[in-house]
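This report concerns only the one structure given below.
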There are 2 protein chains.
Amino acid sequence: MVQRRRKLGRGVAIIGGGMSKFGTFPDKLGRDLMVDAYTEALQTVGKGMDPKDIEALYIGNFTSDSFEDQGHLGHIIADTLGLAPRPATRVEGACASSGVAFREGIMAIASGMYDIVLVGGVEKMSLLGTEHVQDALGLASDAPIERDDAGYTFPGLYATMATAYMARYGSTREHLMHVTVKNHQNGSLNPKAQFNVTLRETMEQRKRRNAQRGEPVPNWKDEFDFLMDPGPNPLVAWPLYLFDCSPVSDGASCIILASEEIARNFTDDVVTVAATAQASAGPFGTWGGDITSIPSAKVAARQAYEMAGVTPKDINLAEVHDCFTAAEIIAIEDLGFFEPGKGAFAAAEGQTTRDSDRPINISGGLKAKGHPVGATGVAQIYELVQQLRGKAANQVQDAEVALAHNLGGTGAVSTVHILGRI
Amino acid sequence: MVQRRRKLGRGVAIIGGGMSKFGTFPDKLGRDLMVDAYTEALQTVGKGMDPKDIEALYIGNFTSDSFEDQGHLGHIIADTLGLAPRPATRVEGACASSGVAFREGIMAIASGMYDIVLVGGVEKMSLLGTEHVQDALGLASDAPIERDDAGYTFPGLYATMATAYMARYGSTREHLMHVTVKNHQNGSLNPKAQFNVTLRETMEQRKRRNAQRGEPVPNWKDEFDFLMDPGPNPLVAWPLYLFDCSPVSDGASCIILASEEIARNFTDDVVTVAATAQASAGPFGTWGGDITSIPSAKVAARQAYEMAGVTPKDINLAEVHDCFTAAEIIAIEDLGFFEPGKGAFAAAEGQTTRDSDRPINISGGLKAKGHPVGATGVAQIYELVQQLRGKAANQVQDAEVALAHNLGGTGAVSTVHILGRI
């Protein structure tokens with residue numbers, strides 16, 4: 001296999017972005033949430049733009065087939081946003097659908113075909129009950145192998161990886177709790193997060209609720225004590241409990257891309273795409289025996305660093321795919337931020353908090369911000385763009401290089417993007 | 001809106017292609033059919049290639065979610081073909097899924113990111129009973145508007161367009177029958193076609209079957225007489241009868257793309273991509289009152305002709321999206337081969353047969369070759385590549401410029417590609 005350093009035929013930049021609030025919105029369809037995201041995106045293009053200058057759309061969505069009974073999606077978003085007859089392509093990459101869509105938008109511009117492209121992601125998951133969400137998300141596993149033969153659900157798949165990690169490196173459930181506490185802390189500062197509240201405040205709310213109802217008030221001494229209580233935090237798949245899992249969410253996100261040559265016609269606040277990478281993998285059984293790291297993420301990370309000409313040390317902040325707390329631990333190792341086996345301990349030591357050298361999931365991550373699966377990849381990019389522009393709700397100081405890591409399936413697909421100021 | 005002639009940053013060529021037989025294959029999954037297509041594709045690369053030189057995959061698929069209970073697909077194809085960890089992206093564009101995937105592969109190469117890309121399409125539809133296929137294909141309509149409010153099925157949507165066409169231009173059901181007869185005639189010469197038999201032979205088979213069973217033997221005098229009989233050809237949605245509709249099919253197709261700079265390293269028999277275009281539309285109600293032509297197809301056709309620098313007269317043969325006979329009539333008008341309202345009459349006069357100046361659906365089309373929806377777009381390209389290389393089963397003489405037209409939904413998405421010899 002020829003290995004070459006990949007590069008784009010011309011540079012691609014980000015000139016605007018938006019996202020809907022994440023949460024559960026019974027009265028809105030996915031297309032309505034995209035209107036919210038798109039409206040904000042247009043407003044963030046500093047010098048303004050004519051929406052008609054958008055030449056093509058890429059929409060990441062996992063399975064509106066199952067969630068909204070809507071299989072064909074691209075044209076609906078184009079039509080809803082008033083952008084038909086522009087080409088509108090739906091890209092599916094499970095929970096990395098819009099990480100992949102973002103990448104297609106980048107290549108469409110680099111190809112010379114288009115100068116301005118709208119990339120978005122959307123998922124409307126809350127119409128179904130939780131057990132049906134489980135079935136729908138199960139469509140992301142390899143049906144005959146992982147699901148039908150092995151009987152895995154997604155929490156089960158990640159629990160298996162978490163168990164292997166803990167057995168190999170000696171970490172415990174408490175290390176995972178630090179990820180939960182941190183991401184809820186971050187989410188409390190993000191008004192668009194589904195859980196815009198710290199875990200301590202959640203705990204206090206429960207106490208007040210019980211008191212109001214005349215029920216016994218638990219004597220939780222801190223968040224960790226709260227998380228140890230199987231009442232509020234029941235087991236899902238050992239060692240993953242409810243608060244180790246991202247929630248069921250509705251939401252949409254979008255980014256406006258332009259060729260670097262013309263980006264400054266639209267804004268002085270340009271963010272550049274320094275690298276785009278994507279890799280795939282088959283089920284566990286094809287990974288060569290080690291399930292404590294995700295091969296596709298490591299391949300994509302290596303390619304992204306090569307393309308951007310940077311190393312993990314150069315990354316100032318990162319949004320990573322914490323569908324489960326254990327996934328964040330594995331991600332920060334796969335991305336080279338920590339050595340294998342050190343991630344859990346680093347997280348417990350506070351090396352990934354907003355006050356650390358390299359904050360992880362400053363947005364609240366999938367855990368607290370929410371995880372409308374098809375919207376997540378571009379929502380990560382949105383957060384990083386806000387940070388690089390100095391306009392984030394939970395602003396990090398002096399960030400210049402940022403990384404987004406989006407996963408689909410059990411590492412079946414990974415995308416890694418590196419963004420920077422130009 | 002800025003109108004500009006679109007062009008790619010660098011040229012893209014086709015160096016190989018394959019397709020599985022189309023039909024119903026109870027013992028094969030979609031991934032197995034893709035192995036068939038891929039195996040042939042590698043064999044058609046004249047000078048041979050190392051499969052490891054393939055750098056990325058694009059897979060068109062409409063709804064394996066519904067048909068195979070398999071939502072996330074790209075990585076499964078990569079893994080099955082031994083191509084993981086290469087990026088493998090599933091693209092959804094309803095029945096134009098692989099027309100759209102083909103386009104993404106073209107742009108990925110033109111972007112400079114990759115030199116060699118595998119583009120495929122797959123659909124495994126026959127696992128479900130016919131009524132469930134109807135439901136699954138119904139996911140391609142606009143769920144709240146076309147399906148839930150208006151109550152349309154897909155035959156109903158196209159029947160509405162066919163009715164409007166007949167009312168406006170005075171054509172009859174018999175004009176549509178000419179499309180059926182021609183496409184089965186073409187399919188009879190294509191060994192990979194689901195219906196590899198002429199309609200006359202089908203008619204004779206029915207007579208023999210009845211005789212063998214001791215049942216009355218109908219006295220059909222020709223194919224048209226046969227099609228008028230509601231026994232073998234029952235009404236589906238007036239004016240569309242069973243033989244006006246493409247069948248339920250399983251199948252896969254793929255094409256190997258390379259940058260023009262390196263294409264001749266792999267084959268002397270290079271086909272070039274002269275144009276790629278795609279457009280979208282909302283439901284009927286947004287089309288401006290005329291449903292006798294499909295706006296997205298006209299936009300895509302215009303852009304494709306501009307990009308290739310040719311006119312409809314320059315096209316030597318075309319594969320068009322005849323999901324229903326009426327759709328072929330509308331397509332040959334939208335593509336500019338015939339004036340509005342003349343297509344039905346031209347078809348009846350034999351102006352689209354294999355002996356005409358511009359054969360339409362020489363492969364048998366969706367009607368006779370079969371329509372595994374996600375595979376259709378790339379299967380059209382496969383047929384044209386075989387024709388341009390002089391290697392088709394049903395070879396047309398001296399074809400140099402060929403066009404593929406792929407539709408999704410009721411014109412919700414259209415792709416038009418123009419291929420030529422270089």
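Tell me, yes or no, whether the stretch A:300-312 has at least one residue that is under 22 Å from A:Val396 (Cα atoms) and open to solvent by 40 Å² or more (accessible area, probe 1.4 Å). Checked against the condition, which is being under 22 Å from A:Val396 (Cα atoms) and open to solvent by 40 Å² or more (accessible area, probe 1.4 Å), the stretch A:300-312 yields at least one hit. If you check A:Ala344, A:Ala368 for being under 14 Å from the mean Cα position of the chain (by Cα) and open to solvent by less than 40 Å² (accessible area, probe 1.4 Å), only one passes: A:Ala368. What are the residues in the stretch A:74-85 that are of a type in the set (A, V, I, L, M, F, W, C), more than 7 Å from chain B (Cβ to nearest Cβ) and either part of a loop (DSSP other than H, G, I, E, B) or in contact with a Cys (Cβ under 7 Å, 6 or more places away or on another chain) (or both), if any? A:Leu81, A:Leu83 - these are the residues of the stretch A:74-85 that are of a type in the set (A, V, I, L, M, F, W, C), more than 7 Å from chain B (Cβ to nearest Cβ) and either part of a loop (DSSP other than H, G, I, E, B) or in contact with a Cys (Cβ under 7 Å, 6 or more places away or on another chain) (or both).
Can you tell which of B:Trp220, B:Trp238 is surrounded by 17 or more Cβ atoms within 10 Å (Cβ to Cβ) and more than 30 Å from B:Met113 (Cα to Cα)?
Working: B:Trp238 fails: surrounded by 17 or more Cβ atoms within 10 Å (Cβ to Cβ).
Exactly one of B:Trp220, B:Trp238 is surrounded by 17 or more Cβ atoms within 10 Å (Cβ to Cβ) and more than 30 Å from B:Met113 (Cα to Cα), namely B:Trp220.
In this structure, does A:Pro155 turn out to be in contact (Cβ under 8 Å) with a residue 12 or more places away in the chain, within 30 Å of A:Asp50 (Cα to Cα) and away from chain B (no Cβ under 14 Å)? Step through it out loud before you land on a result.
On the way: in contact (Cβ under 8 Å) with a residue 12 or more places away in the chain: yes; within 30 Å of A:Asp50 (Cα to Cα): no; away from chain B (no Cβ under 14 Å): yes.
Here the answer is no, as A:Pro155 does not meet what is asked.
Kindly establish whether B:Asp65 is out of contact with any helix residue (DSSP H, G or I) (no Cβ under 7 Å at 6 or more places or on another chain) and assigned to a helix (DSSP H, G or I). No.
Condition check ((1) part of a loop (DSSP other than H, G, I, E, B); (2) touching a Pro at 6+ places or on another chain (Cβ under 9 Å)) across all residues:
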site	(1), (2)
A:Glu328	no, no
A:Glu339	yes, no
A:Thr353	yes, yes
A:Ala368	no, yes
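Take the residues in the stretch A:375-419 that are open to solvent by 10 Å² or more (accessible area, probe 1.4 Å) and either touching a Pro at 6+ places or on another chain (Cβ under 7 Å) or assigned to a strand (DSSP E or B) (or both); name whichever of them is farthest from A:Val119 (Cα to Cα). Taking the candidates together, the pick is A:Val396.
Take B:Ile255 and decide whether it is among the β-branched types (Val, Ile, Thr), crowded, with 24+ Cβ neighbours inside 10 Å, in contact (Cβ under 8 Å) with a residue 12 or more places away in the chain and more than 30 Å from B:Asp53 (Cα to Cα). Answer is no for this residue. Only one entry of B:Leu83, B:Leu73 meets the criterion of being buried (at least 24 other Cβ atoms within 10 Å of the Cβ) and without any contact (Cβ under 8 Å) to a residue 60 or more places away in the chain, and that entry is B:Leu73. Note on the stretch B:251-266: residues that are part of a strand (DSSP E or B) and either of a type in the set (A, V, I, L, M, F, W, C) or within 19 Å of B:Gly408 (Cβ to Cβ) (or both) total 8. Taking the conditions exactly as written (within 8 Å of another protein chain (Cβ to nearest Cβ) and either open to solvent by 10 Å² or more (accessible area, probe 1.4 Å) or at pLDDT below 95 (or both)), does A:Pro26 satisfy them or not? No; evaluated as a whole, the condition is false for this residue.
So in the stretch B:37-70, with the set limited to residues that are over 25 Å from B:Val270 (Cα atoms) and open to solvent by less than 20 Å² (accessible area, probe 1.4 Å), which one is farthest from the other protein chains (Cβ to nearest Cβ)? I'd like the intermediate steps shown before the answer.
Step one: filter the stretch B:37-70 for residues over 25 Å from B:Val270 (Cα atoms), giving B:61-70.
From the residues that got through so far, the ones that are open to solvent by less than 20 Å² (accessible area, probe 1.4 Å) too are B:61-65, B:67, B:70.
Details: B:Asn61: 8, B:Phe62: 7, B:Thr63: 5, B:Ser64: 9, B:Asp65: 4, B:Phe67: 10, B:Gln70: 5 Å.
Among them, the one singled out is B:Phe67.
Conditions (1) facing another protein chain (nearest Cβ under 9 Å); (2) assigned to a loop (DSSP other than H, G, I, E, B); (3) β-branched (Val, Ile, Thr), marked per residue:
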residue: B:Arg90; (1), (2), (3): yes, no, no
residue: B:Gly99; (1), (2), (3): no, no, no
residue: B:Met107; (1), (2), (3): yes, no, no
residue: B:Val119; (1), (2), (3): no, no, yes
residue: B:Leu127; (1), (2), (3): no, yes, no
residue: B:Gln134; (1), (2), (3): no, no, no
residue: B:Asp148; (1), (2), (3): yes, no, no
residue: B:Gly151; (1), (2), (3): no, yes, no
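Taking the conditions (1) more than 8 Å from every other protein chain (Cβ to nearest Cβ); (2) over 22 Å from the mean Cα position of the chain (by Cα); (3) surrounded by fewer than 20 Cβ atoms within 10 Å (Cβ to Cβ) in turn, B:Gly112 satisfies each one other than (1).
The set of residues in the stretch A:258-299 being open to solvent by 20 Å² or more (accessible area, probe 1.4 Å), at pLDDT 95 or above and at the interface with chain B (Cβ under 10 Å from one of its Cβ atoms) consists of A:Pro295, A:Lys298, A:Val299.
The values are calculated or read from the model by the stated rules, or taken from the named source; none is laboratory data. What you are looking at is a predicted structure, and each value in this text was computed from that prediction instead of being measured. No Cβ is skipped: glycine too gets one built from the backbone with ideal geometry, and neighbour counts run over all protein chains shown. Calculation scope for accessible area: heavy atoms of the full protein, side chains included, ligands and nucleic acids excluded. Shrake-Rupley method; radii C 1.70, N 1.55, O 1.52, S 1.80 Å.
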